[in-house]
Structure formats: C-alpha cells, structure tokens
Amino acid sequence: MKIIALDFETACPEPGNACQIGLAWIDGLTITRVEERYIRPRDMNFTFTWCHGITADHVWDKPEFPEVLEEFRGDLEGALVLAHNAGFDQGVFHGCAKSYRVKPPSMDFLCTLMIARQVWPELKSKALGHLARHLGITFKHHNAAEDAMACAQVAIAAALKLGAYEISDIPSRLAERRAAGRAA
C-alpha cells in the first residue's frame, strides 16, 4: 500500500488557495522521499503570510493546483494519505479540486492528530509542534514539506509504540487497544 504524509499551506481561507504542498513517502516504517512545491493560488490573496512566511513573490511564477496535482496524481491514486488534522488538509485538497474543476485522486485519509490523542493521551497538547518536541523531532513548522515529514515521523513513532508493522496497521492496533481496555 502506498503511504504518503501530506501537508498544505494556504494563502487565505477561501477554497482553491493552497500556496504550498509537502509530501513525505513512507515505505514500511521509513521515510523514503520528501517533496515540496509552491502553488500559485487562484486569488493571490495572502492573509496567512504571518503564519508561514509565503508571499506572492514566492509563487507568482509557480504552477497552479491542477498542474501540481498532475505531477503527484499517480503517487496519490489509491494511497493512504496521512495528515495532522486531516480534516483541514482534506478540505484544502478537495476545495482546490472543486475550485479548479479537477477530479481528485481516489485516496483514504488517516489523521495523525486523532492517532496521537489515542497513543499519547498523557500529553497536554497533541499539536504537531508539541508532539515533535516530545518525540525529539526537529522541523521548521509551517513549511509544508517539513510538516509532512514531521507528520510521517509521528505516524512511525505511533506504529512503533503500538507494535504495528506498517502505518496501515495503526487503526487495527488502536481498535485492539480499545477492545482490550473495555474488556479490562
């Protein structure tokens, strides 16, 4: 099974305005590749620069979402896609696809934030930065490639803690853990 951690940075809250994508490929429990692309957003309205530092100057000559999607479509088709707070990244992905009237690849999302809540319940915060510090992961937050790589490392750490052989085994290991907790 193809497993890819994904992260988006957005220029503004309106759909279709992703300005950066990061992807980290996982084989077994190893990150094998990390990619990042700037994306020229539809509106070129940058209200989130304060968060990620990306401006119109970074993306004015970059491809828009459909071209970037086509570059990675084969990788994403049929993949298990990890994202920290997957609802956000899934929403960005589908919002961009809808805005540009392109068909998104068929893929399943798995949320590492939800995983972290079950694997490390003792941690006060399960935010990516906090988890990274707890796990000894260093990364530049709000850079899509760095965030995708940190997300992948969180998933790998969770798999190891759960005794899973692959990332795709995490949901069944968590279900076993819940069942054992109810039986106790």
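Couple of notes before you dig in:
- Computed from the C-beta positions of residue 169 and residue 70, the FRET efficiency with R₀ = 35 Å rounds to 0.65.
- According to the calculation over all Cα-Cα pairs in the range 3-183, the P(r) per 5 Å bin from zero is 1, 9, 17, 21, 19, 14, 10, 6, 2, 1, 0, 0 %.
- GluC sites (Glu not before Pro) restricted to DSSP loop in the range 1-107 with at most 13 other C-beta within 10 Å: 77
- Computed extension length for residue 100-residue 124: 4.7 nm, one decimal, from 0.36 nm per residue of separation with the Cα-Cα distance subtracted.
- Paired Rg and Dmax values of the range 135-177, which use every Cα atom, in angstrom: 11.8, 35
- When the C-alpha to C-alpha distance is required to be over 26 Å, the pairs from 62/98; 62/126; 98/161; 2/124 that qualify are 62/126; 98/161; 2/124.
- Over the range 6-82 - Rg/Rh using Cα atoms and the Kirkwood inverse-distance radius: 1.00
- The chymotrypsin sites (Phe, Trp or Tyr not before Pro) of the range 50-106 meeting both criteria, a DSSP state outside H, G, I, E and B (loop) and at most 13 other C-beta atoms within 10 angstrom of the site's C-beta, are 60.
- Point-charge dipole on Cβ atoms (K/R +1, D/E -1) for the range 91-184, about Cα centre, debye to 20: 300 debye
- Helical runs (DSSP H, four residues minimum) scored at -39500 (n - 2.57) apiece and divided by the length of the chain put the mean residue ellipticity at 222 nm at -13500 deg cm²/dmol.
Bear in mind these aren't lab numbers, they're just calculated from the coordinates by the rules spelled out. Small disclaimer: the values here were computed from a predicted structure and weren't measured. Methodologically, a virtual Cβ is constructed for each residue, glycine included, from the backbone with ideal geometry; neighbour enumeration extends over all protein chains shown.
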